[in-house]
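Nothing in this text is a laboratory measurement; each read-out follows from the coordinates by a stated rule. Just so it is clear, the model here is predicted, and its values are computed rather than measured.
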Amino acid sequence: ARLLTASLSHSQVPSVEEVLKALAGLPRSDFAEMIRQGNGTFNSIPELAVERMAQVIQDLRGDLAGTAEKVQSIADGFPLPDYTRPASEALAKAEERSQPYLRQVERFEHYRWIAGTVLCSIILLILACYGTGMALGAYGLAKREDPSDYECRGEAGAKFLLVGVGLAFLFSWLLILLVFATFLVGGNIQTLVCRNWVNQEIYKFIDTPGNLPPSMNLTRQLNLRRDSNLSSAYRECKSGAGLWEVLQLDGSYDLDEHLKTPKYTADFQKRLGEFTANLGDVRLLRSEGRQDLETFARSGVDEVDYGRFQEEMKNPVVQTSLPGLARNLEGLQKMQRNSTLAGRLAAEARALWHMQNSSVQSQEALVAKLGESVQFLSRLAPHLKERVKRTLATTASVEARLPVQAQQILRQELGCFTRKELRYFAQYLNWVGQTLREDVASCQPLATALDNGRVILCDRIADPWNAFWFSLGCCTFFLIPSIIFAVRLSKHFRPIR
C-alpha cells in the first residue's frame, strides 16, 4: 500500500496562484485575427496610396493641359504676321493685277505665232525661189544640146532667181528692223537682267542706295533689319533659314522669355509643395491585444521557480508500476487454491488495471503536457518583459512612422514624376523655340519664287526670244550675198540671144 502512494507532492511545487489570477480571462482578443487584420492593413497601403494620389494626378494633368494652352497662346503674340503681311499683300495685289492681262497674253501669244509663221514663210519662200531657180538653171545648162529646152529651162531658172531677189529686197528692210528691235530688247534683258540675276549682282544693285527710287526701297517694304540687305536675305532663305532668323526678331520679341520653363511650371512646384497624403490611422495591433500583452508581462510568469517544477515532474505519478503489480496479483490468483482469496486477488488486479487506464495514464499525459509548458515558459520567462516591451515599442514606432514614411515615399515618387514631366516639358519648349526659329514660316519659298521668276523671264521668255532674233538675223545677214549671187547667177542661166 505504501508503494501505491503518489510520488508528486503539491506542497513541493511553487505556488502560481497569483500568476493564474493575473492571467484569468486572457486572452481577451483573438491574436490570429489581429495579425490577419494587421497584415491586411499593411498590404492595403499601396491601394490606399493609389486612391489618395488619383486626385493629385488628375490635378497635375489639368495643370499640364492648361500649360499646353498657354504655350499655344504664344501664337497670338507672335510678330511674324506683322513682317510677312506687306510681302503677302504685295504678292496678292500683283496676282490680282495680273489676272486681266492673262487673256491679253494669250491673244498676243496667238499673234506671236502668226507673225513667226509669216516671217518664216517669207524666208522659206525666198529660199524656195532660189532653190527652184538654181535647179532649173542647172538643168538648162545640162541640156545645151537642145536649144529649145535649154532656153525654156534657163529662162525659168533666171526668173525664179529674180523673184527671190525681189522678195528679198521687199522684206529685207522689215526683217532688219525686226531683228534690230528684238535684239535691242532681248539682248539688253539677257545682258542687264538675266546675267546679273544668275550671279546675284542684281540684288547688290537693288541694295545699293540711289539705284532705285525711294518708293521702290525693297528693304523697307520687306521689313528687313537695317543691317541686312536683299542679297544676304536671299542667301539665307536659299539655305532654308526661317523668317525669324532672317528678320532677326529676337530684338523685338524675346522668345526665350516667353518660353521659360519656370513660367509654366510654377503650378507644378506649388502643388508638389502642398501635397499631403493622409493614409488614415494605421493600426497593426489593437488596444485589446496591447493590454493582453502588458497584462501577461506583469503577471509574474518570469518570477516562477521553473527549476523546482521540473525537478518534481521528474518523479513518477505513483511510486510503483501499477501494470506490474496487477500482473503479480494475477499470477498469485492463479496459484491460490482458496477460491475466496483468489477472487479477492482477481478483483484487486482488475481495480489496478482500471486505475492505470483511467487515472494514472491521464495524469501522466497531463504531467507531460505540463512539463512541456513549464519547459517553454522556462525559456520564455527570463526575457518576457523585455520582449513584450520591445514588441509594443516596435509596433507603436511602426504605427507612428509608417504614415510619415509612406508620405515621404509618395512625395519622392511624385517629385520624380514631376521632374520627369518637367524634363519632357522643357524639351517640348526647346523644340517649340527651335521650330519657331528655324522651321515655322520658312522664307525658302520666297527664294524659290525669285528663282522661278528668273526661270520664267530668262529661260522661258528671254532665251527663246534671243534664239528667234539670232536665227532671223542669220537669215537676214545671208540675204545680201544671196541677192548678189542670185543676180549674177541669173545672168549666167539666161540664154544669149
Can you give the extra length, in nm with one decimal, that the chain gains between Ala342 and His492 once fully stretched, where that is 0.36 nm per residue apart less the Cα-Cα distance?
34.8 nm
Subtracting the Cα-Cα distance from 0.36 nm times the residue separation, let me have the gained length for Val455 to Ile45 in nm, one decimal.
140.1 nm
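Distance cut-off 24 Å, Cα to Cα: go down the list Lys270/Lys420; Lys70/Lys238; Lys263/Lys420 and report the pairs above it. Kindly include the intermediate steps, with their values, before the conclusion.
Numbers: Lys270/Lys420 16 Å; Lys70/Lys238 33 Å; Lys263/Lys420 17 Å.
As for pairs spanning more than 24 Å Cα to Cα, those are Lys70/Lys238.
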When the Karplus curve 6.51 cos²θ - 1.76 cosθ + 1.60 is applied with θ = phi - 60°, which whole-Hz ³J(HN,Hα) does each residue of segment 174-186 get, with x for Gly and Pro?
5, 5, 5, 4, 5, 5, 5, 5, 5, 5, 4, 6, x
